[in-house]
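Novice: Pasting in a structure now, in structure tokens, and then I'll have a few things to ask.
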Amino acid sequence: MKEIKVVKAVPEDAEKILAYSKIIGGETDNLTYGPEGISATVEQEKEFISSLVDSKRRILFVAKYGDEVVGVADFSSVEHPRTGHRGSMGISVRKDMWGKGVGS
């Protein structure tokens, strides 16, 4: 059986993240997009992920089951120096992977 691995996203994940966003966008109404997925080109997504590499305030993780992206999580903190300990987090998991520990 394949193992689920959670790793920091890299630009090479861009195409799979965009395909994943179309899957989950059609599975829930709790996202800012629907089955059309994230409105970015592969190149734009690569640039976005590249911009996070050295960020001290934002990180993006992907959960992979074999070579497939089955989950995405991101965290971004507030820019203000006094409240930089505060932030927001988002997590999504493909419906067919619910209950399998991906989100934990």
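Novice: Restricted to the range 66-86, and to residues that are open to solvent by less than 50 Å² (accessible area, probe 1.4 Å) and part of a strand (DSSP E or B), which residue is nearest to K16 (Cα to Cα)?
Specialist: Looking at the filtered set, the residue picked out is V69.
Novice: Okay, moving on. Only residues that are outside any helix (DSSP H, G or I) and surrounded by 14 or more Cβ atoms within 10 Å (Cβ to Cβ): list them for the range 7-28, please.
Specialist: Filtering the range 7-28 for residues outside any helix (DSSP H, G or I) gives 7-10, 26-28.
Passing the criteria: A9, V10, G26, E27.
Novice: Tell me, yes or no, whether the range 49-65 has at least one residue that is part of a loop (DSSP other than H, G, I, E, B), modelled with pLDDT under 95, farther than 22 Å from G101 by Cα and under 15 Å from the mean Cα position of the chain (by Cα). Explain how you work it out, then say what you get.
Specialist: Our first condition is that a residue be part of a loop (DSSP other than H, G, I, E, B); within the range 49-65, this holds for 53-57.
Narrowing the set further to residues that are modelled with pLDDT under 95 leaves 53-57.
Keeping just the survivors that are farther than 22 Å from G101 by Cα gives 53-57.
Going one step further and asking which of them are under 15 Å from the mean Cα position of the chain (by Cα), we end up with 53.
Yes, the conditions are met somewhere in the range 49-65.
Novice: Out of L52, L31, which single residue is open to solvent by less than 80 Å² (accessible area, probe 1.4 Å), in contact (Cβ under 8 Å) with a residue 60 or more places away in the chain and either farther than 22 Å from S104 by Cβ or not charged (D, E, K, R) (or both)?
Specialist: Details: L52 fails: in contact (Cβ under 8 Å) with a residue 60 or more places away in the chain.
It is L31.
Novice: Here is a follow-up. Go through the range 69-96 residue by residue and tally those that are without any contact (Cβ under 8 Å) to a residue 40 or more places away in the chain, within 18 Å of the chain's Cα centre (by Cα) and over 21 Å from L52 (Cβ atoms).
Specialist: Here the count works out to 1.
Novice: Turning to a different aspect of this structure: Any idea which residue in the range 55-65 is least open to solvent (accessible area, probe 1.4 Å), counting only those that are in contact (Cβ under 8 Å) with a residue 40 or more places away in the chain and in contact with a Phe, Trp or Tyr (Cβ under 9 Å, 6 or more places away or on another chain)?
Specialist: Of the residues in the range 55-65, the ones in contact (Cβ under 8 Å) with a residue 40 or more places away in the chain are 59-65.
Subsequent filtering for residues that are in contact with a Phe, Trp or Tyr (Cβ under 9 Å, 6 or more places away or on another chain) retains 59-62.
Working: I59: 49, L60: 19, F61: 75, V62: 1 Å².
Filtering first and then ranking leaves V62.
Novice: Out of (1) open to solvent by less than 40 Å² (accessible area, probe 1.4 Å); (2) without any contact (Cβ under 8 Å) to a residue 24 or more places away in the chain; (3) assigned to a loop (DSSP other than H, G, I, E, B), the odd one out for S39 is which?
Specialist: Going through (1) open to solvent by less than 40 Å² (accessible area, probe 1.4 Å); (2) without any contact (Cβ under 8 Å) to a residue 24 or more places away in the chain; (3) assigned to a loop (DSSP other than H, G, I, E, B) one by one, S39 breaks only (1).
Novice: Looking at V102, V93, V78, V72, which is the one that is within 27 Å of K2 (Cβ to Cβ), at pLDDT below 95 and among the β-branched types (V, I, T)?
Specialist: On the way: V93 fails: at pLDDT below 95; V78 fails: within 27 Å of K2 (Cβ to Cβ); V72 fails: at pLDDT below 95.
Result: V102 is the single residue among V102, V93, V78, V72 that is within 27 Å of K2 (Cβ to Cβ), at pLDDT below 95 and among the β-branched types (V, I, T).
The values are calculated or read from the model by the stated rules, or taken from the named source; none is laboratory data. Small disclaimer: the values here were computed from a predicted structure and weren't measured. Heads up, the Cβs are rebuilt from the backbone with ideal geometry, glycines too, and the neighbour counts pull from every protein chain shown. These accessible areas exclude ligands, DNA and RNA; they are computed on the full protein's heavy atoms, side chains included. Shrake-Rupley method; radii C 1.70, N 1.55, O 1.52, S 1.80 Å.
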